[in-house]
Amino acid sequence: QVQLVESGGGLVQPGGSLRLSCAASGTIAGINTMGWYRQAPGKQREFVASAQKGATDRITYDDSVLGRFTISRDNAKNTVYLQMNSLKPEDTAVYYCNVHQWYGDYHYWGQGTQVTVSS
């Protein structure tokens, strides 16, 4: 089983930057995706970005963050990062780390970290 802990959230001005980190404990086996979702008050949780590791590697972004956010993963440290630049007020949400293990179709979730973008 996998346990995920997020960090790096906070308050930032529009146009500013934050870097989120998610450290995973346990073994992430086989083809898998580490990524980020977010949930704003009164809204459903939505996909932000993901990085797949397996026979092929693939990075995917939601259109709302494309060109502004960068996802990366350090497999030696079992950690995934989300560099967020040019932040907008609509980016305000709780950001959740996610691991999707394809074998068995298992999902693991962190507790979330708050990101607030305001003047």
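The values are calculated or read from the model by the stated rules, or taken from the named source; none is laboratory data. Since we're looking at a predicted model, the values are computed, not measured. As a convention, Cβ positions derive from the backbone with ideal geometry for all residues, glycine included, and neighbour counts pool all protein chains shown. Side chains are part of the model used for accessible areas, which takes the heavy atoms of the whole protein and leaves out ligands, DNA and RNA. Shrake-Rupley method; radii C 1.70, N 1.55, O 1.52, S 1.80 Å.
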Find all pairs meeting these conditions: Cβ atoms under 8 angstrom apart; at least six residues apart or on different chains; first residue within the stretch 49-74 and among the aromatic types (Phe, Trp, Tyr); second residue surrounded by 14 or more Cβ atoms within 10 Å (Cβ to Cβ) and not in a strand (DSSP E or B). Phe69/Asn85
Please work out which residue is farthest from His107 (Cα to Cα), limiting yourself to the stretch 1-12 and to residues that are of a type in the set (Val, Ile, Thr) and open to solvent by less than 30 Å² (accessible area, probe 1.4 Å). Val12
The number of residues in the stretch 92-108 that are of a type outside the set (A, V, I, L, M, F, W, C), under 20 Å from Gln39 (Cα atoms) and in contact (Cβ under 8 Å) with a residue 40 or more places away in the chain is 6
All but one of (1) in a strand (DSSP E or B); (2) surrounded by fewer than 14 Cβ atoms within 10 Å (Cβ to Cβ) hold for Val80; state the number of the condition that does not hold. (2)
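Sort out which residues of the stretch 19-70 are outside any strand (DSSP E or B), open to solvent by 20 Å² or more (accessible area, probe 1.4 Å) and among the hydrophobic types (A, V, I, L, M, F, W, C), and write them in order of number.
Of the residues in the stretch 19-70, the ones outside any strand (DSSP E or B) are 26-31, 40-45, 54-57, 62-68.
Applying the additional criterion that residues be open to solvent by 20 Å² or more (accessible area, probe 1.4 Å) yields 26-31, 40-45, 54-57, 62-64, 66-68.
Answer for the stretch 19-70, where residues must be outside any strand (DSSP E or B), open to solvent by 20 Å² or more (accessible area, probe 1.4 Å) and among the hydrophobic types (A, V, I, L, M, F, W, C): Ile28, Ala29, Ile31, Ala40, Ala55, Leu66.
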When residues of the stretch 1-37 are filtered for being closer than 30 Å to Ser119 by Cβ and touching a Phe, Trp or Tyr at 6+ places or on another chain (Cβ under 7 Å), how many remain? 7
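Table: residues versus (1) closer than 19 Å to Trp109 by Cβ; (2) touching a Leu at 6+ places or on another chain (Cβ under 8 Å); (3) not small (Gly, Ala, Ser).
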site	(1), (2), (3)
Pro14	no, yes, yes
Ile28	yes, no, yes
Met34	yes, no, yes
Pro41	yes, no, yes
Glu46	yes, no, yes
Ala51	yes, no, no
Arg58	no, no, yes
Asn75	no, no, yes
Asn78	yes, no, yes
Under 9 Å between Cβ atoms, which residue pairs at least 6 apart in sequence (or on different chains) link something in the stretch 3-15 that is among the hydroxyl-bearing types (Ser, Thr, Tyr) with a partner that is in a strand (DSSP E or B) and open to solvent by less than 40 Å² (accessible area, probe 1.4 Å)? Ser7/Leu20; Ser7/Ser21; Ser7/Cys22; Ser7/Thr113
Might you check whether a residue that is at pLDDT below 95 and either within 27 Å of Thr27 (Cβ to Cβ) or among the polar types (S, T, N, Q) (or both) occurs anywhere in the stretch 59-74? yes
Here is a list of conditions, (1) open to solvent by 80 Å² or more (accessible area, probe 1.4 Å); (2) farther than 22 Å from Ile31 by Cα, and Asn85 meets all of them except one; can you say which number that is? (1)
